[in-house]
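In what follows, a single structure is set out as structure tokens and then discussed.
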Amino acid sequence: KQEVTQIPAALSVPEGENLVLNCSFTDSAIYNLQWFRQDPGKGLTSLLLIQSSQREQTSGRLNASLDKSSGRSTLYIAASQPGDSATYLCAPSRGQLSFGAGTTVTVRA
Amino acid sequence: ETGVTQSPTHLIKTRGQQVTLRCSSQSGHNTVSWYQQALGQGPQFIFQYYREEENGRGNFPPRFSGLQFPNYSSELNVNALELDDSALYLCASSSPGQGADEQFFGPGTRLTVL
């Protein structure tokens, strides 16, 4: 069974600071890994998808890396803004997604 | 392009009742997955439907069942509701082989069991 751990569980930073969110998973036999954002009580918004053959993926201020062999992925958010406040979830996939509890980010204005 | 939609938005039931939740997949997607998210936790995989057949199931009892229709929309049925079934139920659609199986989520249905 895939176990996913996200560290830290919560993070509070001043606006403009760069964010580093860590994700580790136990089973490296994955097809891909997705990063999601979730606002309170809402559904999940897909941020980035990294295929198992890729090392990183970028979208605007977001960059995600994947080290499949060591079971790690990192999401970097550059120049954080108050609108980035949300819970961030990583989900390695073998067709079905496995989730950790996420990292809750607060960006202070 | 129409995104994933779910209905109803909120639902209140009492213990022992039955509930049906609905999901319309994104245009062009033939796979629907259902997840349960308890408060403060990450989503847990319930099951997946591909072309109207169940294609994988998580660790949920048989009272959780589903259907997928020819238009790829889907239902999640839960019988004999328990208090612990209170959660946000999320569905996601995807199309294996296109875009490396990226999953797109709907807004969820909040189920409260009293």
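Observations on the structure shown:
- Listed by position, the strands (runs of 3 or more DSSP E) inside segment B:1-72 whose residues that are crowded, with 18+ Cβ neighbours inside 10 Å number at least 2 are B:19-24, B:31-37, B:44-50, B:64-68.
- The strands (runs of 3 or more DSSP E) found wholly in segment A:48-100 include none carrying at least 3 residues that are touching a residue at least 60 places away in the same chain (Cβ under 8 Å) and small (Gly, Ala, Ser).
- Of all residues in segment B:26-81, those satisfying the criterion of being under 17 Å from B:Ser95 (Cβ atoms) and polar (S, T, N, Q) are B:Gln26, B:Ser27, B:Asn30, B:Thr31, B:Ser33, B:Gln48, B:Asn55, B:Gln68, B:Asn71, B:Ser73, B:Ser74.
- Note on segment A:31-42: residues that are closer than 21 Å to B:Pro96 by Cα and facing chain B (nearest Cβ under 8 Å) amount to 4.
- Answer from B:Ser73, B:Ser86, B:Ser65 - the residue that is more than 22 Å from A:Pro92 (Cα to Cα), free of Cβ contacts under 8 Å to residues at least 24 places away in the same chain, hydroxyl-bearing (Ser, Thr, Tyr) and more than 8 Å from chain A (Cβ to nearest Cβ): B:Ser65
- Filtered residues of segment A:1-40 (kept if farther than 16 Å from A:Phe99 by Cα and open to solvent by less than 50 Å² (accessible area, probe 1.4 Å)): A:Leu11, A:Val13, A:Gly16, A:Leu19
- Condition check for A:Thr45: assigned to a strand (DSSP E or B), within 29 Å of B:Thr9 (Cβ to Cβ), without any contact (Cβ under 8 Å) to a residue 12 or more places away in the chain and not aromatic (Phe, Trp, Tyr): yes
- B:Thr109, sole failed condition from (1) within 12 Å of chain A (Cβ to nearest Cβ); (2) farther than 18 Å from A:Gln96 by Cβ; (3) surrounded by fewer than 17 Cβ atoms within 10 Å (Cβ to Cβ); (4) of a type outside the set (A, V, I, L, M): (3)
- Among residues of segment A:45-104 being among the charged types (D, E, K, R) and within 14 Å of chain B (Cβ to nearest Cβ), the one that is surrounded by the fewest Cβ atoms within 10 Å (Cβ to Cβ) is A:Arg94.
- Qualifying residue in segment B:96-104 (condition: among the charged types (D, E, K, R), within 12 Å of chain A (Cβ to nearest Cβ), open to solvent by 40 Å² or more (accessible area, probe 1.4 Å) and in contact with a Gly (Cβ under 8 Å, 6 or more places away or on another chain)): no
- Meets criteria (at pLDDT 95 or above, of a type in the set (Ser, Thr, Tyr) and in contact with a Phe, Trp or Tyr (Cβ under 8 Å, 6 or more places away or on another chain)) for A:Thr45: yes
- Residue match in segment A:70-83 (condition: within 14 Å of the chain's Cα centre (by Cα) and modelled with pLDDT under 95): no
- Of the candidates B:Gly3, B:Gly42, the single residue that is at negative phi and free of Cβ contacts under 8 Å to residues at least 12 places away in the same chain is B:Gly42.
- Screening B:Asn59 on (1) within 9 Å of another protein chain (Cβ to nearest Cβ); (2) farther than 24 Å from A:Ala9 by Cβ; (3) not hydrophobic (A, V, I, L, M, F, W, C) shows it passes everything except condition (2).
The values are calculated or read from the model by the stated rules, or taken from the named source; none is laboratory data. Predicted model only: the values in this text are computed from it and were never measured. When we count neighbours, we look across all protein chains shown, and the Cβ atoms used for this are built from the backbone with ideal geometry, even at glycine. To get the accessible areas, we keep the full protein, side chains included, count just its heavy atoms, and leave off ligands, DNA and RNA. Shrake-Rupley method; radii C 1.70, N 1.55, O 1.52, S 1.80 Å.
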